[in-house]
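In what follows, a single structure is set out as C-alpha cells and then discussed.
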Amino acid sequence: MFAHILERLKSRIQLKLIAGTSILLTLVMGISSYGILIVQQRILKKELEEEGKRFAITLGEHIVNALDPPDTNYLRQVLRPILYEDNVRRVSVYNAEGMVLSDGTEETSSQNQKLPDLPGGKTLSVPHQVTFRYTRDVLEITNPLFSKNRYVGNIQIEMSLKEVRTLTRRLTQALILISTITLGVTLVLTAWWSAKISRPLIQLVDKAARFSQGHLEERIEVEGTDEISLLASTFNVMAENLSKILEEKEIALQNARAFNQELKKAQTRLIKAERLSAIGLLTSGISHEINNPLGIILTTVGCILEELSPESPFYEDLKIVEGEALRCKKILRDLLNFASKRKTVREQVDLNKVIDEIITLASYEKRVKSIQIQKNFHPDLPPIFIDIAQIKQVCLNLILNAADAMQGEGQLVISTGLVEENEKKHVLIQFQDSGCGIPEEDLLRIFEPFFTTKDVGEGSGLGLSVSYQLVENHGGRIEVTSEVGKGTTFYVYLPLENSFTENSSI
C-alpha cells in the first residue's frame, strides 16, 4: 500500500517541488551554518588570543625585573595564583637561554631543552612581540621579555580551548535545531504551496488521461487567470472541439455504414429482381408452349381411362401417366403465377388474424401436424393494407418449407412485430425453425426459380421465388439467416404505408 502511494507520488510535480526545495534549503542552510560556525570559532579564538595577549603582556611587565638577575621565589609567588584560573593550564617563564626558571610549582626542572622558537639572547627591535600557536587542546601564547632593549627571557602561557569548543558545540547544536525547525516549517509551507500549485496540473493530467480513454465529457474547472488556468481553458476548448469532431465523425461513420449496408441490400435485391424478371419472361413463353400438349395428353388419357375397366392391366399405368401430367400442369401453373401479371386486391386487415388462419389451414398437412408451432404475435399490431391471398400464399410456403426442413420433428416459432427503418415503419413476420439449416453457399440462390435443396421429385423450387415476388410487389422484402444444424429464420418486412397502387399487379 505504502509502496503504491510512493510510486504515485514519484510521478507528481508536488513531490519534485518538495524534494527540490528541501535539497536546496538543506544546502543553503548547511553552507550558512558552516560559515557561521567558522566565523564564530574565529571570533572566539580571536577573543581568546586578545585575552591571552593582554594577560601575557601584563604578566611580563610584573616579572621582567625578576629575570635579570633571576628571582625564582618571586616568580613562583606570582605564577602560583595564575594556575587556578579556569582557562589557564600552564604558565612557564624561561630565561634568555631558554631554560625554565619557574612554572609556579615548588620544583622546577632546569634540564629542559632550549626552546627552538626563542631568539636566545639576540637583541630585538620590536619589543613585546607576542606569538600564538594552536595545538589540539590548547593555545600556546609566547611573549618575549626585554629589559632596556635586551632580551632577558620569555613567558609561555597555555590556555585551554575547552571553553571555545564548548561554545562552538552549543552553537552547532543551536544551528542544527534552528535549521531543523526552519526546514520542517519550510517543508510544510512548501507542501501546502506546491499542492496548491500542482493540484490544477494533476487535475489536468487526470482529465487528459480519462479523455484519452474515451470519456469525452471530462472538463476542468478554471480558477484564476494565471498560466495554469489558461492551460486548463485551452484544454477545455480543445476537448470541446475534439468531442464535436469525434461525434460528427461517429455519426458520419454510422451513416456511411448504414448507407453501405442498404446499398449492398439494394444491389442484392436488384440482382435478384433482374434474374427473376429474366426467368419470368423465359418461363412465361415456355409454360404456354408446354401447357397445350399437356392438355392434349390429359384429355387423351382421360378418354382412354373412361373406356378401360379398372381390371385392365393398362389402367394403373395410365393413372400414373395422368398423375404425372397433372403434376406437370401444377408446376406450369406455379410458373405462370410467377411470371404472369394479375391485379392485386388490397384490403385493410389484421395481419395476426390472417397468419392465424393460414396456420390453421397448414395444420391439416401431414408434414405440419407433427411439428410444434409457437405464436408470438404483437398484441397491438396496427391494420395493414395487403393482398390477403398473396400474403397467405407467402406464409404457407414458408411454413411448408420449415416443416420439410425439420422433417416432421421440431419447433416453428412465428412472430410478428413492428420495426422502423429509414424513418419508415414496417410489420415484421418472422419464421424461425429448428431444422437442418441452409449452407452458406446456398443462401444467395434460394430465391432463384427451380433451385431447391430437396430430393428430386419432392419440390419444384418455385415456392420461395413466388413468395419473394409477392412480397416485393407489396413494397417489402424477404431476408434469411441460417446456421447448419441449428435452423433457419425468414424475415418478411411489409411496409405499413400503402406501397403499391390500386392497379399494381404481378
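Just so it is clear, none of the values below were taken in a lab; they were calculated from the coordinates. These numbers were taken from a predicted model, which means no experiment stands behind them. In this analysis, Cβ positions are derived from the backbone assuming ideal geometry, glycine residues included, and neighbour counts consider all displayed protein chains.
The table for this structure:
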item	result
Alpha-carbon centroid distance for the pair segment 20-53 / segment 68-98, whole angstrom	36 Å
3J(HN,Hα) from dihedral phi, segment 138-152, Karplus parametrisation 6.51/-1.76/1.60, rounded to Hz, x for glycine, proline	9, 10, 8, 10, 10, 10, x, 10, 10, 10, 6, 6, 10, 5, 10
Placed amide H near residue 101: partners under 5 Å, 5+ positions off or other chain	93, 94, 95
Interchain or long-range residues, amide H under 5 Å from residue 418's placed H	428
Protection proxy ranking of 408-414, 140-146 - average other beta-carbon atoms within 10 Å, highest first	140-146, 408-414
FRET efficiency, residue 136 to residue 189 (Cβ-Cβ, R0 60 Å, nearest 0.05)	0.85
Computed label-point distance, nm, for sites residue 253 and residue 23 using a 7 Å Cα→Cβ extension	4.5 nm
Cα lying deepest toward the dipole's positive end in segment 344-506, options 399, 419, 463, charges on Cβ	399
For segment 304-315, 3J(HN,Hα) per residue [Karplus equation, 6.51 cos²θ - 1.76 cosθ + 1.60, θ = phi - 60°, Hz, x = Gly/Pro]	5, 5, 5, 7, 8, 8, x, 7, 5, x, 9, 4
Full-stretch length increase - residue 57, residue 162 - with 0.36 nm per residue and alpha-carbon distance subtracted	35.5 nm
Residues 259, 385, 431, sorted so that the one with the fewest Cβ neighbours within 10 Å comes first	259, 385, 431
Over 18 Å (Cα to Cα) - which of 375/424; 45/162; 353/392; 392/486 fall in this group	375/424; 392/486
Amide H contacts under 5 Å for residue 151, placed H, 5+ residues apart	124
Estimated vicinal HN-Hα couplings, Hz - segment 56-66 in sequence order (Karplus 6.51, -1.76, 1.60; Gly, Pro = x)	5, 5, 4, 5, x, 5, 7, 10, 4, 6, 8
Pairwise label distance in nanometres, residue 80 with residue 176, each label 7 Å out on the Cα-Cβ vector	4.5 nm
Lys/Arg +1, Asp/Glu -1 at C-beta; segment 344-506 dipole; positive extreme among 482, 390, 363	363
R0 of 35 Å, Cβ-Cβ distance residue 372-residue 445: FRET efficiency to nearest 0.05	0.75
Rough spin-label spacing in nm, given labels placed 7 Å along Cα→Cβ, for residue 196 and residue 360	8.6 nm
